[in-house]
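J.: Encoded as C-alpha coordinates, here's the structure I'll be asking about.
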Amino acid sequence: MYRRNISNILYPIAGVLGLFIVYEAVVKPAYIQTSPSAPADQESAVDSKEQPPDQAYEPPPDEPSAPAQKQLRLIDAGGVPDTKHHEALEAIREEIEKGNLEAAETQLKGLTAALQADSRTRPYAAILWNNLGIEQEKLEGTKSSLKVFKKAASLDPKNPVIQMNLAHAYWEQRDLAMNQDFLERLIALAPQEPFPHVALADWLQEHGRLGEAARHLDQATERAASDPSMQSYLRTVTSKVQRTDQMEKRLSSRDGAHFIVKYEGDQDHDTWMVVLDILEEAYREIGQNFGHFPTKSVVVVLHPNAIFQANTGSPAWADGLYDPVLGRIHLPTQGALTDRAWLKRVLRHEFVHALLHDQQGINHNSLPTWLNEGLAMQLSSDHWPDVEQLRRHDVSVIPLTALEESWGELSSEAASVAYLEADSATRFLINRYGMHEVQQLLVRLKKKQSLAAAIQSQLSLSYDQFQSRWMAQWHDGRTKGS
Ligand SMILES: [Zn+2]
(Lines give C-alpha, C1' and ligand atoms only; values in the text may rest on other atoms or scores of the structure.)
Protein backbone atom coordinates (compact mmCIF):
# COMPACT_ATOMS: atom_id res chain seq x y z
CA MET A 1 0.00 0.00 0.00
CA TYR A 2 1.32 3.37 -0.79
CA ARG A 3 -1.47 5.43 0.66
CA ARG A 4 -0.68 7.32 3.76
CA ASN A 5 -2.61 9.78 5.76
CA ILE A 6 -0.83 13.10 5.53
CA SER A 7 -3.65 15.13 6.98
CA ASN A 8 -1.53 16.19 9.94
CA ILE A 9 0.72 18.26 7.71
CA LEU A 10 -2.09 19.63 5.65
CA TYR A 11 -3.50 21.97 8.26
CA PRO A 12 -0.54 24.33 8.35
CA ILE A 13 -0.19 24.13 4.59
CA ALA A 14 -3.82 24.89 4.01
CA GLY A 15 -3.09 28.13 5.80
CA VAL A 16 -0.89 29.58 3.09
CA LEU A 17 -1.93 32.77 1.49
CA GLY A 18 -4.47 33.36 -1.18
CA LEU A 19 -3.29 36.39 -3.10
CA PHE A 20 -5.00 35.22 -6.20
CA ILE A 21 -8.16 34.87 -4.18
CA VAL A 22 -7.65 38.32 -2.67
CA TYR A 23 -7.79 39.73 -6.14
CA GLU A 24 -10.66 37.60 -7.37
CA ALA A 25 -12.76 38.36 -4.36
CA VAL A 26 -11.74 41.74 -3.13
CA VAL A 27 -10.09 44.09 -5.56
CA LYS A 28 -11.20 42.89 -8.96
CA PRO A 29 -13.33 45.60 -10.56
CA ALA A 30 -17.01 44.73 -10.48
CA TYR A 31 -17.81 44.68 -14.15
CA ILE A 32 -15.09 42.28 -15.11
CA GLN A 33 -16.22 39.91 -12.41
CA THR A 34 -17.78 36.92 -14.08
CA SER A 35 -19.07 34.99 -11.13
CA PRO A 36 -20.16 36.05 -7.67
CA SER A 37 -17.22 34.85 -5.63
CA ALA A 38 -16.79 35.33 -1.93
CA PRO A 39 -13.44 36.24 -0.43
CA ALA A 40 -11.70 33.27 1.01
CA ASP A 41 -10.74 32.93 4.58
CA GLN A 42 -8.52 29.95 4.72
CA GLU A 43 -8.79 29.74 8.49
CA SER A 44 -11.81 27.54 7.94
CA ALA A 45 -9.76 25.32 5.69
CA VAL A 46 -7.15 25.07 8.39
CA ASP A 47 -9.71 24.00 10.91
CA SER A 48 -11.36 21.51 8.65
CA LYS A 49 -10.53 17.95 9.53
CA GLU A 50 -11.63 16.64 6.21
CA GLN A 51 -9.67 18.85 3.85
CA PRO A 52 -8.60 16.74 0.89
CA PRO A 53 -4.94 17.04 0.09
CA ASP A 54 -4.62 18.42 -3.35
CA GLN A 55 -7.72 20.00 -4.67
CA ALA A 56 -7.92 23.44 -6.09
CA TYR A 57 -8.73 25.64 -3.17
CA GLU A 58 -12.33 26.56 -2.81
CA PRO A 59 -13.59 29.10 -0.32
CA PRO A 60 -15.71 27.55 2.43
CA PRO A 61 -19.34 28.67 2.37
CA ASP A 62 -19.43 30.62 5.64
CA GLU A 63 -17.20 33.46 4.55
CA PRO A 64 -18.09 37.14 4.49
CA SER A 65 -19.46 38.26 1.18
CA ALA A 66 -17.29 40.20 -1.24
CA PRO A 67 -17.06 43.90 -0.45
CA ALA A 68 -18.82 46.16 -2.90
CA GLN A 69 -16.74 47.40 -5.81
CA LYS A 70 -16.16 51.09 -5.84
CA GLN A 71 -13.54 51.73 -8.44
CA LEU A 72 -14.46 54.20 -11.08
CA ARG A 73 -12.71 53.02 -14.18
CA LEU A 74 -14.56 54.93 -16.85
CA ILE A 75 -13.30 58.48 -17.05
CA ASP A 76 -15.74 61.31 -17.61
CA ALA A 77 -15.11 62.42 -21.18
CA GLY A 78 -17.03 65.69 -20.79
CA GLY A 79 -15.15 68.89 -21.68
CA VAL A 80 -13.55 68.07 -25.04
CA PRO A 81 -10.50 70.39 -25.25
CA ASP A 82 -10.86 73.33 -27.55
CA THR A 83 -8.16 72.52 -30.08
CA LYS A 84 -8.16 71.97 -33.80
CA HIS A 85 -9.03 68.32 -33.12
CA HIS A 86 -12.12 69.27 -31.13
CA GLU A 87 -14.65 67.99 -33.64
CA ALA A 88 -12.80 64.77 -34.37
CA LEU A 89 -12.52 64.00 -30.65
CA GLU A 90 -16.17 64.77 -30.04
CA ALA A 91 -17.17 62.45 -32.88
CA ILE A 92 -15.06 59.66 -31.42
CA ARG A 93 -16.54 60.16 -27.98
CA GLU A 94 -20.02 59.81 -29.47
CA GLU A 95 -19.07 56.63 -31.31
CA ILE A 96 -17.88 55.11 -28.02
CA GLU A 97 -21.06 56.16 -26.25
CA LYS A 98 -23.14 54.60 -29.03
CA GLY A 99 -21.13 51.40 -28.81
CA ASN A 100 -19.57 51.74 -32.27
CA LEU A 101 -16.24 50.56 -30.98
CA GLU A 102 -14.60 49.62 -34.25
CA ALA A 103 -15.36 52.99 -35.80
CA ALA A 104 -14.06 54.73 -32.67
CA GLU A 105 -10.84 52.73 -32.73
CA THR A 106 -10.22 53.43 -36.42
CA GLN A 107 -10.71 57.15 -35.89
CA LEU A 108 -8.52 57.21 -32.80
CA LYS A 109 -5.76 55.45 -34.71
CA GLY A 110 -6.10 58.07 -37.46
CA LEU A 111 -5.44 60.80 -34.91
CA THR A 112 -2.35 59.24 -33.37
CA ALA A 113 0.27 60.90 -35.52
CA ALA A 114 -1.29 64.35 -35.10
CA LEU A 115 -1.38 63.90 -31.33
CA GLN A 116 2.35 63.47 -30.91
CA ALA A 117 2.81 67.21 -31.30
CA ASP A 118 -0.31 68.28 -29.45
CA SER A 119 0.17 68.14 -25.71
CA ARG A 120 -3.29 69.56 -24.99
CA THR A 121 -5.18 66.95 -26.95
CA ARG A 122 -3.06 63.98 -25.95
CA PRO A 123 -4.42 63.47 -22.41
CA TYR A 124 -7.96 63.67 -23.75
CA ALA A 125 -7.26 61.11 -26.45
CA ALA A 126 -5.83 58.90 -23.69
CA ILE A 127 -9.18 59.16 -21.89
CA LEU A 128 -11.01 58.13 -25.05
CA TRP A 129 -8.69 55.14 -25.52
CA ASN A 130 -9.31 54.25 -21.87
CA ASN A 131 -13.08 54.39 -22.24
CA LEU A 132 -12.88 52.41 -25.46
CA GLY A 133 -10.91 49.79 -23.51
CA ILE A 134 -13.58 49.59 -20.83
CA GLU A 135 -16.29 48.99 -23.42
CA GLN A 136 -14.19 46.36 -25.22
CA GLU A 137 -13.49 44.65 -21.93
CA LYS A 138 -17.19 44.39 -21.15
CA LEU A 139 -17.68 42.62 -24.47
CA GLU A 140 -14.58 40.48 -24.84
CA GLY A 141 -12.59 40.61 -21.62
CA THR A 142 -9.11 41.89 -20.97
CA LYS A 143 -7.53 39.99 -23.83
CA SER A 144 -8.93 42.58 -26.21
CA SER A 145 -8.79 45.58 -23.88
CA LEU A 146 -5.15 45.16 -22.86
CA LYS A 147 -3.66 46.63 -26.04
CA VAL A 148 -6.12 49.52 -25.89
CA PHE A 149 -5.18 50.35 -22.29
CA LYS A 150 -1.53 50.16 -23.29
CA LYS A 151 -2.23 52.76 -25.97
CA ALA A 152 -4.05 54.97 -23.45
CA ALA A 153 -1.24 54.57 -20.93
CA SER A 154 1.42 55.50 -23.48
CA LEU A 155 -0.42 58.73 -24.36
CA ASP A 156 -0.77 59.75 -20.72
CA PRO A 157 1.62 57.90 -18.42
CA LYS A 158 0.61 60.07 -15.46
CA ASN A 159 -3.11 59.33 -15.38
CA PRO A 160 -3.63 57.06 -12.36
CA VAL A 161 -7.01 55.69 -13.48
CA ILE A 162 -5.63 54.66 -16.85
CA GLN A 163 -2.56 53.07 -15.28
CA MET A 164 -4.79 51.21 -12.80
CA ASN A 165 -6.91 49.88 -15.66
CA LEU A 166 -3.79 48.74 -17.46
CA ALA A 167 -2.65 47.02 -14.27
CA HIS A 168 -5.95 45.15 -13.92
CA ALA A 169 -5.68 43.97 -17.52
CA TYR A 170 -2.06 42.89 -16.99
CA TRP A 171 -3.13 41.00 -13.90
CA GLU A 172 -5.99 39.23 -15.65
CA GLN A 173 -3.70 38.23 -18.50
CA ARG A 174 -0.82 37.31 -16.18
CA ASP A 175 1.23 39.66 -18.35
CA LEU A 176 4.91 39.75 -17.43
CA ALA A 177 4.94 43.51 -17.98
CA MET A 178 3.35 43.81 -14.54
CA ASN A 179 6.67 43.65 -12.77
CA GLN A 180 8.17 45.37 -9.77
CA ASP A 181 9.12 48.52 -11.75
CA PHE A 182 5.67 48.98 -13.19
CA LEU A 183 3.97 48.39 -9.84
CA GLU A 184 6.26 50.73 -7.93
CA ARG A 185 5.49 53.48 -10.46
CA LEU A 186 1.79 52.70 -10.05
CA ILE A 187 2.06 52.94 -6.26
CA ALA A 188 3.65 56.38 -6.65
CA LEU A 189 0.84 57.48 -8.99
CA ALA A 190 -2.04 56.01 -6.97
CA PRO A 191 -0.70 55.97 -3.42
CA GLN A 192 -4.10 55.37 -1.80
CA GLU A 193 -5.06 52.29 -3.79
CA PRO A 194 -4.75 48.86 -2.17
CA PHE A 195 -4.61 46.95 -5.47
CA PRO A 196 -1.04 47.85 -6.56
CA HIS A 197 0.20 46.65 -3.17
CA VAL A 198 -1.69 43.36 -3.50
CA ALA A 199 -0.32 42.92 -7.03
CA LEU A 200 3.23 43.71 -5.92
CA ALA A 201 2.83 41.29 -3.00
CA ASP A 202 1.82 38.65 -5.51
CA TRP A 203 4.82 39.40 -7.73
CA LEU A 204 7.14 39.27 -4.73
CA GLN A 205 5.76 35.97 -3.46
CA GLU A 206 6.19 34.49 -6.93
CA HIS A 207 9.81 35.51 -6.70
CA GLY A 208 10.19 33.89 -3.32
CA ARG A 209 10.27 37.19 -1.41
CA LEU A 210 7.55 36.45 1.12
CA GLY A 211 8.73 38.91 3.77
CA GLU A 212 8.45 41.87 1.39
CA ALA A 213 5.15 40.48 0.12
CA ALA A 214 3.79 40.55 3.67
CA ARG A 215 4.87 44.19 4.04
CA HIS A 216 2.97 45.21 0.92
CA LEU A 217 -0.09 43.30 2.05
CA ASP A 218 0.15 45.25 5.26
CA GLN A 219 0.15 48.48 3.25
CA ALA A 220 -2.81 47.26 1.21
CA THR A 221 -4.62 46.60 4.49
CA GLU A 222 -4.01 50.15 5.68
CA ARG A 223 -5.34 51.53 2.43
CA ALA A 224 -8.50 49.51 2.71
CA ALA A 225 -9.57 51.36 5.86
CA SER A 226 -12.83 52.51 4.32
CA ASP A 227 -13.80 48.92 3.73
CA PRO A 228 -13.78 46.92 6.97
CA SER A 229 -14.52 43.53 5.41
CA MET A 230 -11.74 43.89 2.85
CA GLN A 231 -9.45 45.06 5.60
CA SER A 232 -10.12 42.16 7.92
CA TYR A 233 -9.67 39.76 5.05
CA LEU A 234 -6.35 41.30 4.04
CA ARG A 235 -5.22 41.18 7.64
CA THR A 236 -5.86 37.45 7.77
CA VAL A 237 -3.96 36.89 4.54
CA THR A 238 -1.05 39.06 5.71
CA SER A 239 -0.57 37.03 8.85
CA LYS A 240 -0.68 33.84 6.80
CA VAL A 241 2.03 35.11 4.45
CA GLN A 242 4.13 35.98 7.47
CA ARG A 243 3.66 32.48 8.86
CA THR A 244 4.60 30.87 5.55
CA ASP A 245 7.64 33.17 5.38
CA GLN A 246 8.72 32.12 8.86
CA MET A 247 8.22 28.46 8.03
CA GLU A 248 10.14 28.61 4.77
CA LYS A 249 12.99 30.67 6.23
CA ARG A 250 14.16 27.53 7.98
CA LEU A 251 14.44 25.67 4.72
CA SER A 252 17.37 25.31 2.36
CA SER A 253 16.70 25.60 -1.32
CA ARG A 254 18.13 23.86 -4.36
CA ASP A 255 17.44 24.89 -7.94
CA GLY A 256 17.05 22.29 -10.64
CA ALA A 257 16.54 23.09 -14.31
CA HIS A 258 12.77 23.43 -13.93
CA PHE A 259 12.12 22.97 -10.21
CA ILE A 260 13.14 24.55 -6.93
CA VAL A 261 13.27 22.10 -4.05
CA LYS A 262 13.00 23.47 -0.50
CA TYR A 263 14.02 21.20 2.33
CA GLU A 264 15.14 21.19 5.91
CA GLY A 265 18.89 21.26 6.55
CA ASP A 266 21.04 18.35 5.40
CA GLN A 267 18.43 15.91 6.47
CA ASP A 268 16.79 15.68 3.11
CA HIS A 269 19.86 15.88 0.92
CA ASP A 270 19.33 12.43 -0.52
CA THR A 271 15.65 12.97 -0.96
CA TRP A 272 15.92 16.17 -2.94
CA MET A 273 18.30 14.59 -5.41
CA VAL A 274 15.88 11.77 -6.03
CA VAL A 275 12.92 14.17 -6.10
CA LEU A 276 14.62 16.37 -8.71
CA ASP A 277 15.47 13.36 -10.88
CA ILE A 278 11.90 12.10 -10.84
CA LEU A 279 10.48 15.55 -11.53
CA GLU A 280 12.84 16.35 -14.40
CA GLU A 281 11.90 13.08 -16.02
CA ALA A 282 8.19 13.84 -15.49
CA TYR A 283 8.77 17.30 -16.96
CA ARG A 284 10.15 15.88 -20.19
CA GLU A 285 7.84 12.92 -20.55
CA ILE A 286 4.50 14.30 -19.38
CA GLY A 287 5.13 17.76 -20.85
CA GLN A 288 5.85 16.18 -24.22
CA ASN A 289 2.83 13.94 -24.07
CA PHE A 290 0.51 16.70 -22.96
CA GLY A 291 2.00 19.35 -25.25
CA HIS A 292 2.64 21.95 -22.56
CA PHE A 293 5.56 22.75 -20.27
CA PRO A 294 5.37 24.96 -17.15
CA THR A 295 6.31 28.53 -17.93
CA LYS A 296 8.25 28.98 -14.70
CA SER A 297 10.00 26.88 -12.09
CA VAL A 298 7.75 24.81 -9.86
CA VAL A 299 8.53 24.98 -6.14
CA VAL A 300 8.53 21.69 -4.22
CA VAL A 301 8.56 21.80 -0.42
CA LEU A 302 9.70 18.67 1.39
CA HIS A 303 8.26 18.00 4.83
CA PRO A 304 10.57 15.55 6.57
CA ASN A 305 8.85 15.55 9.94
CA ALA A 306 5.44 14.56 8.80
CA ILE A 307 4.34 11.39 10.51
CA PHE A 308 2.55 9.03 8.27
CA GLN A 309 -0.29 7.01 9.52
CA ALA A 310 -1.66 3.87 8.08
CA ASN A 311 -3.94 4.56 5.21
CA THR A 312 -7.44 5.64 6.04
CA GLY A 313 -9.05 3.70 3.27
CA SER A 314 -9.50 6.77 1.20
CA PRO A 315 -7.59 7.54 -1.95
CA ALA A 316 -8.42 11.15 -1.18
CA TRP A 317 -5.55 11.01 1.25
CA ALA A 318 -3.28 9.24 -1.09
CA ASP A 319 -0.98 11.84 -2.49
CA GLY A 320 0.90 14.96 -1.61
CA LEU A 321 -0.55 18.37 -2.04
CA TYR A 322 -0.48 20.83 -4.85
CA ASP A 323 -1.20 24.30 -3.57
CA PRO A 324 -2.66 26.20 -6.52
CA VAL A 325 -2.32 29.57 -4.85
CA LEU A 326 1.39 29.63 -4.17
CA GLY A 327 2.08 27.14 -6.93
CA ARG A 328 3.92 24.70 -4.67
CA ILE A 329 4.03 20.95 -4.47
CA HIS A 330 4.16 19.81 -0.84
CA LEU A 331 5.55 16.40 -0.16
CA PRO A 332 5.84 14.37 3.04
CA THR A 333 9.25 12.70 2.86
CA GLN A 334 9.56 10.53 5.90
CA GLY A 335 10.29 7.11 4.52
CA ALA A 336 9.93 8.41 0.98
CA LEU A 337 13.16 6.81 -0.16
CA THR A 338 12.12 3.43 1.12
CA ASP A 339 9.21 3.44 -1.25
CA ARG A 340 10.41 5.03 -4.46
CA ALA A 341 7.50 3.73 -6.45
CA TRP A 342 5.17 5.68 -4.16
CA LEU A 343 7.37 8.76 -4.36
CA LYS A 344 7.37 8.67 -8.12
CA ARG A 345 3.61 8.24 -8.34
CA VAL A 346 2.90 11.12 -6.00
CA LEU A 347 5.36 13.49 -7.65
CA ARG A 348 4.13 12.77 -11.15
CA HIS A 349 0.52 13.19 -10.04
CA GLU A 350 1.21 16.54 -8.37
CA PHE A 351 3.34 17.63 -11.32
CA VAL A 352 0.31 17.22 -13.61
CA HIS A 353 -1.70 19.46 -11.25
CA ALA A 354 1.10 22.02 -11.47
CA LEU A 355 1.15 21.71 -15.25
CA LEU A 356 -2.62 22.18 -15.56
CA HIS A 357 -2.51 25.10 -13.17
CA ASP A 358 0.20 26.73 -15.24
CA GLN A 359 -1.69 26.15 -18.46
CA GLN A 360 -5.06 27.38 -17.19
CA GLY A 361 -3.44 30.42 -15.59
CA ILE A 362 -5.71 32.80 -13.81
CA ASN A 363 -8.78 30.71 -14.65
CA HIS A 364 -7.51 27.48 -13.13
CA ASN A 365 -10.59 27.37 -10.91
CA SER A 366 -12.76 26.73 -13.95
CA LEU A 367 -11.24 23.28 -14.36
CA PRO A 368 -13.77 20.78 -12.94
CA THR A 369 -12.29 18.67 -10.14
CA TRP A 370 -13.06 15.36 -11.83
CA LEU A 371 -11.19 16.43 -14.95
CA ASN A 372 -8.29 17.86 -12.95
CA GLU A 373 -7.91 14.64 -10.94
CA GLY A 374 -8.61 12.42 -13.94
CA LEU A 375 -5.90 14.13 -16.00
CA ALA A 376 -3.49 13.87 -13.06
CA MET A 377 -4.11 10.12 -12.96
CA GLN A 378 -4.06 9.55 -16.69
CA LEU A 379 -1.12 11.77 -17.63
CA SER A 380 1.02 10.50 -14.77
CA SER A 381 0.26 6.95 -16.00
CA ASP A 382 -0.63 6.05 -12.46
CA HIS A 383 -3.11 3.28 -12.07
CA TRP A 384 -4.19 3.13 -8.50
CA PRO A 385 -4.39 -0.41 -7.15
CA ASP A 386 -7.27 0.48 -4.88
CA VAL A 387 -9.19 1.95 -7.72
CA GLU A 388 -8.76 -1.38 -9.48
CA GLN A 389 -10.14 -3.15 -6.42
CA LEU A 390 -13.11 -0.84 -6.24
CA ARG A 391 -13.84 -1.43 -9.88
CA ARG A 392 -14.71 -5.02 -9.06
CA HIS A 393 -17.31 -4.05 -6.49
CA ASP A 394 -20.67 -2.59 -7.15
CA VAL A 395 -20.49 1.11 -6.51
CA SER A 396 -23.23 3.65 -6.89
CA VAL A 397 -22.08 6.10 -9.48
CA ILE A 398 -21.99 9.80 -8.66
CA PRO A 399 -22.97 11.98 -11.62
CA LEU A 400 -19.93 13.82 -13.01
CA THR A 401 -21.82 17.08 -12.61
CA ALA A 402 -21.70 16.49 -8.84
CA LEU A 403 -17.92 16.04 -8.98
CA GLU A 404 -17.01 19.39 -10.52
CA GLU A 405 -16.57 21.33 -7.31
CA SER A 406 -14.47 20.59 -4.24
CA TRP A 407 -14.52 17.00 -3.01
CA GLY A 408 -13.91 18.09 0.57
CA GLU A 409 -17.36 17.10 1.74
CA LEU A 410 -17.24 13.59 0.33
CA SER A 411 -17.04 10.62 2.65
CA SER A 412 -14.00 8.44 2.16
CA GLU A 413 -16.04 5.83 0.23
CA ALA A 414 -17.52 8.52 -1.98
CA ALA A 415 -14.04 9.99 -2.52
CA SER A 416 -12.82 6.58 -3.67
CA VAL A 417 -15.66 6.42 -6.15
CA ALA A 418 -14.94 9.98 -7.23
CA TYR A 419 -11.33 9.14 -8.12
CA LEU A 420 -12.42 5.98 -9.85
CA GLU A 421 -14.91 7.89 -11.98
CA ALA A 422 -12.51 10.75 -12.68
CA ASP A 423 -9.92 8.27 -13.90
CA SER A 424 -12.39 6.31 -15.97
CA ALA A 425 -14.21 9.29 -17.53
CA THR A 426 -10.94 11.03 -18.40
CA ARG A 427 -9.50 7.87 -19.94
CA PHE A 428 -12.67 7.54 -22.00
CA LEU A 429 -12.37 11.18 -23.05
CA ILE A 430 -8.74 10.81 -24.15
CA ASN A 431 -9.18 7.44 -25.88
CA ARG A 432 -12.39 8.33 -27.64
CA TYR A 433 -11.58 11.87 -28.76
CA GLY A 434 -7.80 12.16 -28.57
CA MET A 435 -5.49 14.46 -26.67
CA HIS A 436 -5.87 17.24 -29.22
CA GLU A 437 -9.61 17.49 -28.54
CA VAL A 438 -8.96 17.37 -24.80
CA GLN A 439 -6.56 20.29 -25.22
CA GLN A 440 -9.18 22.24 -27.17
CA LEU A 441 -11.67 21.52 -24.40
CA LEU A 442 -9.20 22.95 -21.88
CA VAL A 443 -8.77 26.06 -24.03
CA ARG A 444 -12.53 26.58 -23.87
CA LEU A 445 -12.59 26.12 -20.09
CA LYS A 446 -9.77 28.61 -19.83
CA LYS A 447 -12.00 31.09 -21.64
CA LYS A 448 -14.54 30.47 -18.88
CA GLN A 449 -16.92 28.40 -20.94
CA SER A 450 -18.88 25.99 -18.78
CA LEU A 451 -17.95 22.33 -19.15
CA ALA A 452 -21.36 21.60 -20.68
CA ALA A 453 -20.92 24.34 -23.29
CA ALA A 454 -17.32 23.30 -23.98
CA ILE A 455 -18.28 19.64 -24.53
CA GLN A 456 -21.17 20.65 -26.75
CA SER A 457 -19.15 22.92 -28.98
CA GLN A 458 -15.94 20.90 -29.05
CA LEU A 459 -17.23 17.33 -29.14
CA SER A 460 -20.65 18.00 -30.70
CA LEU A 461 -22.59 16.20 -28.02
CA SER A 462 -24.26 17.20 -24.77
CA TYR A 463 -22.70 16.69 -21.34
CA ASP A 464 -25.50 14.16 -20.68
CA GLN A 465 -24.69 12.24 -23.85
CA PHE A 466 -21.02 12.24 -22.93
CA GLN A 467 -21.88 10.81 -19.52
CA SER A 468 -24.14 8.09 -20.90
CA ARG A 469 -21.57 7.02 -23.51
CA TRP A 470 -18.90 6.86 -20.86
CA MET A 471 -21.23 4.94 -18.50
CA ALA A 472 -22.19 2.48 -21.22
CA GLN A 473 -18.53 1.81 -21.89
CA TRP A 474 -17.81 1.56 -18.17
CA HIS A 475 -20.54 -1.02 -17.52
CA ASP A 476 -19.39 -2.89 -20.57
CA GLY A 477 -15.83 -2.96 -19.24
CA ARG A 478 -16.95 -4.12 -15.80
CA THR A 479 -19.06 -7.01 -17.04
CA LYS A 480 -16.07 -8.16 -19.06
CA GLY A 481 -14.07 -8.02 -15.85
CA SER A 482 -11.58 -5.48 -17.14
ZN1 LIG B 1 -4.74 14.97 -7.27
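The values are calculated or read from the model by the stated rules, or taken from the named source; none is laboratory data. Predicted model, so just to flag it, every value in this text is computed and none were measured. Note: ideal-geometry Cβ built from the backbone for every residue, glycine included; neighbour counts use all protein chains shown. Just so you know, the surface numbers come from the protein's heavy atoms only, side chains and all, with ligands and any DNA or RNA stripped out. Shrake-Rupley method; radii C 1.70, N 1.55, O 1.52, S 1.80 Å.
J.: Starting from the Cα gyration tensor of the range 170-311, multiply each eigenvalue by 5, take the square root, and state the resulting semi-axes largest first in whole Å.
T.: Working from the Cα gyration tensor, I get semi-axes of 33, 21, 13 Å.
J.: How much net charge surrounds residue 139 when only the other residues with a Cβ under 13 Å from the Cβ of residue 139 are counted, with Lys and Arg +1 and Asp and Glu -1?
T.: -3
J.: How long is the gain from residue 181 to residue 74 if the chain were fully straight, where each residue apart is worth 0.36 nm and the alpha carbon distance is subtracted?
T.: Full extension from residue 181 to residue 74 adds 36.0 nm.
J.: Which trypsin sites (Lys or Arg not before Pro) does the range 261-304 hold that lie in a coil by DSSP with at most 13 other beta carbons within 10 Å?
T.: Numbers: sites: 262, 284, 296; in loops: 296.
Answer in residue order: 296.
J.: Just the number, please: carbon plus sulfur as a percent of the accessible area of the range 408-454, 1.4 Å probe, no ligands or DNA/RNA counted. Each step should come with its number before you reach the end.
T.: Values: 1000 of 1940 Å².
Carbon and sulfur together cover 51 percent of it.
J.: A further question on this structure: Treat each spin label as a single point 7 Å out from the Cα along the C-beta direction, and report the residue 453 to residue 232 distance in nm.
T.: About 3.5 nm, to one decimal.
J.: Round to a whole number: what % of the accessible area of the range 129-209 belongs to carbon and sulfur, probe 1.4 Å? Numbers along the way, then the final one.
T.: Working: 1650 of 3250 Å².
Roughly 51 percent of what the probe reaches on the range 129-209 is carbon or sulfur.
J.: Tell me the per residue accessible area of the range 198-252 using a 1.4 Å probe; a whole number in Å² is fine.
T.: 44
J.: Now for a different question. Could you check the spin-label model distance between residue 206 and residue 116? Points 7 Å from the Cα along Cα→Cβ, value in nm.
T.: 3.3
J.: Before I look further, what does the range 329-453 give for accessible area per residue, probe 1.4 Å, in whole square angstrom?
T.: 37
J.: Further question: Using label points projected 7 Å from each Cα along Cα→Cβ, tell me how many nm separate residue 465 and residue 158, to one decimal.
T.: Here the answer is 6.1 nm between the modelled labels.
J.: For residue 395 and residue 430, FRET efficiency with R0 = 35 Å and r from the beta-carbon atoms, rounded to 0.05?
T.: That gives a FRET efficiency of 0.95.
J.: Two decimals is fine: what's Rg over Rh for the range 407-482, C-alpha atoms, Kirkwood radius as Rh?
T.: Values: Rg = 13.7 Å, Rh = 13.5 Å.
Across the range 407-482, the Cα-based Rg/Rh ratio is 1.01.
J.: Another question about this same structure. With the Cα gyration tensor of the range 331-476 giving a ≥ b ≥ c as the square roots of its eigenvalues, does the rule (a/c under 1.5 for rounded; else a/b larger than b/c for prolate; else oblate) give rounded, prolate or oblate?
T.: The shape class here is oblate.
J.: Same structure again: Which order do the peptides 166-176, 416-426 come out in when sorted by mean C-beta neighbours inside 10 angstrom, highest first?
T.: Result, highest mean first: 416-426, 166-176.
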